[in-house]
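The values are calculated or read from the model by the stated rules, or taken from the named source; none is laboratory data. From a predicted model like this one, the values you see are computed outputs, not experimental measurements. Virtual Cβ from ideal backbone geometry, glycine too; neighbours counted across all protein chains shown.
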Amino acid sequence: MSQEFPILDDHFHLNRRTGRGPEVIKEFMRSGGTHIVLVTLPSWSCGVTARKPEDFREVFDSTLADANAVCELGCTCYCMAGVHPAEVGRLLERMSLSEAEELMKGGLDVAAEYVAEGKCIGIKSGRPHYPVSSEVWEMSNRVLSHALTLAGELDCPLQIHAESGPCDDVIDMAKKAGMDSSRVIKHFATCDTPLHPSVTAREPFLADWFRDGREFTMESDFMDDNSRPGAVNGPRSVPRTIQRMLQKGEITVDDVCRIHLDVPSKLYRVSFEV
């Protein structure tokens, strides 16, 4: 009997170089998973040393190839393309801060092309989630502002990888950039963010959020790295959590459809129907 509701993992990585690649999606599907949002990795994870914006195409094209393989397995897959905020650390080993800023902005311009062409549904950006100098922090915020501007122009969502906490200043940044802040997705969100929260399957407040009617999405942040099995969460973590909560009576099928169909459909403006 087919499953009557979708289960989305909103932030998933695949890496054929370090992990199992698209084959791991079979585990996700066996547990009831139906959709993933596949997010591009840092350039070095794909064996790319970015020296010019066009170099990021190899990263994005690799992600699209994985997405096609996932779809062939029967799981609906959408892609987010962008420049990981941690790129700045690697780039500063071989170029100036201003050069790194221009390269990261240029990479985001290339990502925007993929969205404009319909190959990706949104952009990924952010700022370091670890301590950096004030100069690097200010530069990273300029890169993030550029991503917000691009997302506003494209009318697409933006997933951000950033420090733990509310990141409430991004609301004003989005407003100044001309982007709807309700479509700024805080990846690995904490419960205090005013941005759209994408929360991991292991959060203790999930049942409360379902009961309170909160709008959020769920993610594993699966890394697909054989040297770190299950990091950050395993590929089955989101569907397993949903199935367990259903069995315990903590949520209903209507609750699942709201969070895994209605909310992401409004956020991404693509189909999450089963």
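Points to keep in mind about this one:
- Cβ separations smaller than 6 Å between residues 6+ apart or across chains give the following pairs from the range 31-48 residues that are farther than 20 Å from Ile123 by Cβ and among the polar types (S, T, N, Q) to residues that are modelled with pLDDT of 95 or more and crowded, with 21+ Cβ neighbours inside 10 Å: Ser31/Arg236; Ser31/Pro239; Thr34/Pro6; Thr34/Ile7.
- Among the residues of the range 136-171, not one is among the hydroxyl-bearing types (Ser, Thr, Tyr) and part of a strand (DSSP E or B).
- Applying the criterion of being surrounded by fewer than 22 Cβ atoms within 10 Å (Cβ to Cβ) and among the hydrophobic types (A, V, I, L, M, F, W, C) to the residues of the range 61-72, the residue that is nearest to the chain's Cα centre (by Cα) is Leu64.
- Whenever a residue of the range 107-122 is at pLDDT 95 or above, its partners that are surrounded by 19 or more Cβ atoms within 10 Å (Cβ to Cβ) and among the aromatic types (Phe, Trp, Tyr), lying with C-beta atoms within less than 6 angstrom and at least six residues away or across chains, give the pairs Gly107/Phe56; Val110/Phe56; Tyr114/Phe60; Cys120/Tyr114; Ile121/Tyr78; Ile121/Tyr268.
- Residues in the range 184-243 that are acidic (Asp, Glu) and under 17 Å from Leu8 (Cα atoms): Glu203, Glu215, Glu219, Asp221.
- In this entry, Asn141 passes the filter for residues that are surrounded by 14 or more Cβ atoms within 10 Å (Cβ to Cβ) and of a type in the set (S, T, N, Q).
For every residue, the table says whether it meets (1) of a type in the set (Asp, Glu); (2) in contact with a Pro (Cβ under 8 Å, 6 or more places away or on another chain).
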| residue | (1), (2) |
| --- | --- |
| His161 | no, yes |
| Lys175 | no, no |
| Asp192 | yes, yes |
| Val199 | no, no |
